[in-house]
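Working notes, structure below.
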Amino acid sequence: MGEASNKERVTVTFSAEAHERLRAVASASSVSIGWVVRYAVDEFLRRHIPGSAGQLVLPLHRSKGDGAER
């Protein structure tokens, strides 16, 4: 997925529901939750090529407690 010698650590907080869904996906594929998250981020970055689609469209309305940092 990425270059092994060039890594940065990031802490992410998920809702209980999202964590359970990630756990289920990881378990079904015999991989770690970390692997699933890294794969999802790599896919997102691959699809969002800067300059090709303009500004990234993000949701403007967030529910309280969803973990969105401003």
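The values are calculated or read from the model by the stated rules, or taken from the named source; none is laboratory data. Note that the structure is predicted; figures quoted are calculated from it, not measured. Methodologically, a virtual Cβ is constructed for each residue, glycine included, from the backbone with ideal geometry; neighbour enumeration extends over all protein chains shown. To get the accessible areas, we keep the full protein, side chains included, count just its heavy atoms, and leave off ligands, DNA and RNA. Shrake-Rupley method; radii C 1.70, N 1.55, O 1.52, S 1.80 Å.
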(request) Would you check the accessible area of residue 57, probe 1.4 Å, heavy atoms only, in square angstrom rounded to 10? (result) 130 Å²
(request) Could you order 47, 23, 38 by accessible surface area, starting with the largest, using a probe radius of 1.4 Å? (result) 47, 38, 23
(request) Note down the accessible area of residue 27, probe 1.4 Å, to the nearest 10 Å². (result) 70 Å²
(request) Using label points projected 7 Å from each Cα along Cα→Cβ, tell me how many nm separate residue 41 and residue 28, to one decimal. (result) 2.3 nm
